[in-house]
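All remarks here apply to the structure that follows.
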Amino acid sequence: MNQLVDPKLLEILVCPLTKVPLRYDGEKQELLSDAAALAYPVRDGIPIMLIDEARKMDDSEIKK
Amino acid sequence: MHSDRPHIFDRALLIQRRAKALPALHNHDFLYNWTSDQLQDRLQDITRDFPVAVQLGEFSRPITDTAIVMGHTDSGNIIGDEEFLPFAKDSIDLLSSNLTLHTANDLPGALIQINYALKPDGLFLGAMFGGETLYELRDSLMQAELSLNGGASPRVYPFADKQQMGGLMQRAGFALPVVDSDIITVTYPDIKTLFADLRGMGQGNIITARRKGLTHPRLFDMAEEYYRTHYTDNDRRLNASFEIIFLTGWAPHESQQQPLRPGSADRSLADELGTKEMAIGDMVSP
């Protein structure tokens, strides 16, 4: 089973590029930045907050 | 995407070097342990609670038991980049950084982001390598390369010096900044062991302009010869200095001491000193 991100981390994490709050997708294990259209992966409960490792989001995924 | 930023350090390579060093770190972690102790001592002098603590640098003990650790390998709680901190504005009470900031391409930017993430009256405690670090090695390699290749390539990092850091802390908006430093000198039997220790710390060369490709076969022998002539102790071991700069600064808050407005004094200095105030008078006659 996938390890979830510690809620303590979710309280302080933002998108490193735009500093906007993130949406947590527990199913895909991703932290989503709508402003940057980037999805930061979570591996074993560890958020990977690197711009180079983030997945580019489709327009349809972005919540405005 | 960020081509306008200076690129002294190859940050992707840094992540690889750190991951490679992690399994055997316990053989090379003396500096990280020493700086952890120093930072913890400094923290103990402050009688305050820091509920949300974050540490940059996963190679050393967390500054508090509950500190969230951000690093470059999966041995921390978050993987992140000091140059793009993923922390919300005013979200952290205590942020410490242990031997990570010296590889930031944009050090002023990293400090500004640290200040941004701190709550008002939040504390930043940092330890970083300073300008005196490995000056013996830097000199020896340069002398050897000059005589073999007629020019030198960057093999030892350009470190910030203590004087510059005071200004940078102020520019980044920290209140009551304090910068001080200590030099630790370690001895090694030879250059090979020194290099192995640096790599073991995850501090191998990541300078973007580092010399790639073949190194002259005589380079390290010549550097070691020079090193042994100029920088040895009584046992002929090689001295290697590490300068650690300690940074302390607070996110501004109205409760902190503030300088008074010029001219707002209600007592004269002469009265305080018990002396008579004398006018300078016109030194120059019209």
Collect the residues in the stretch B:143-178 that are touching a residue at least 12 places away in the same chain (Cβ under 8 Å), of a type outside the set (Gly, Ala, Ser) and open to solvent by 40 Å² or more (accessible area, probe 1.4 Å), keeping them in residue-number order. B:Gln143, B:Leu148, B:Asn149, B:Pro154, B:Arg155, B:Pro158, B:Asp161, B:Lys162, B:Arg171, B:Leu176, B:Pro177, B:Val178
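Taking the options B:Glu224, B:Glu272, B:Glu277, B:Glu254, name whichever one is more than 30 Å from B:Gln164 (Cβ to Cβ), at pLDDT 85 or above and open to solvent by 100 Å² or more (accessible area, probe 1.4 Å). Lay out the reasoning, then the answer.
Details: B:Glu224 fails: open to solvent by 100 Å² or more (accessible area, probe 1.4 Å); B:Glu277 fails: at pLDDT 85 or above; B:Glu254 fails: more than 30 Å from B:Gln164 (Cβ to Cβ).
Criteria check complete, one pass: B:Glu272.
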Of the residues in the stretch B:33-55, those that are surrounded by fewer than 20 Cβ atoms within 10 Å (Cβ to Cβ) and either more than 14 Å from every other protein chain (Cβ to nearest Cβ) or within 18 Å of B:Thr100 (Cα to Cα) (or both) number 14
Condition first: modelled with pLDDT of 95 or more and more than 15 Å from the chain's Cα centre (by Cα). Can you find one or more residues in the stretch B:94-111 that meet it? yes
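Tally time: how many residues in the stretch B:168-223 are of a type in the set (Asp, Glu) and under 20 Å from B:Ile244 (Cα atoms)?
Step one: filter the stretch B:168-223 for residues of a type in the set (Asp, Glu), giving B:180, B:182, B:190, B:197, B:221.
From what is left, the residues that are under 20 Å from B:Ile244 (Cα atoms) are B:180, B:182, B:197.
The qualifying residues number 3.
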Could you grab me the full set of residues in the stretch B:182-197 that are under 18 Å from the mean Cα position of the chain (by Cα) and surrounded by 18 or more Cβ atoms within 10 Å (Cβ to Cβ)? none
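If you scan the stretch B:122-143, which residues turn out to be out of contact with any Asp or Glu (no Cβ under 8 Å at 6 or more places or on another chain) and farther than 30 Å from B:Phe50 by Cβ?
Applying the first criterion (out of contact with any Asp or Glu (no Cβ under 8 Å at 6 or more places or on another chain)) to the stretch B:122-143 yields B:124-128, B:134-139, B:141-143.
Hits for the stretch B:122-143 are B:Leu134, B:Tyr135, B:Glu136, B:Leu137, B:Arg138, B:Asp139, B:Leu141, B:Met142, B:Gln143.
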What's the number of the condition A:Lys64 fails, among (1) within 20 Å of B:Ile68 (Cβ to Cβ); (2) modelled with pLDDT under 90? (1)
When only residues in the stretch A:1-10 that are open to solvent by 20 Å² or more (accessible area, probe 1.4 Å) and hydrophobic (A, V, I, L, M, F, W, C) count, which is farthest from the other protein chains (Cβ to nearest Cβ)? A:Met1
Looking only at the stretch B:78-112, how many residues end up being farther than 17 Å from B:His253 by Cα and either more than 8 Å from chain A (Cβ to nearest Cβ) or touching an Asp or Glu at 6+ places or on another chain (Cβ under 7 Å) (or both)? 18
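The values are calculated or read from the model by the stated rules, or taken from the named source; none is laboratory data. Everything numeric in this text was worked out from a predicted model, so none of it was measured. Note that each Cβ is placed from the backbone with ideal geometry, even for glycine, and that neighbours are counted across all protein chains shown. Side chains included, ligands, DNA and RNA excluded: accessible areas come from the protein's heavy atoms. Shrake-Rupley method; radii C 1.70, N 1.55, O 1.52, S 1.80 Å.
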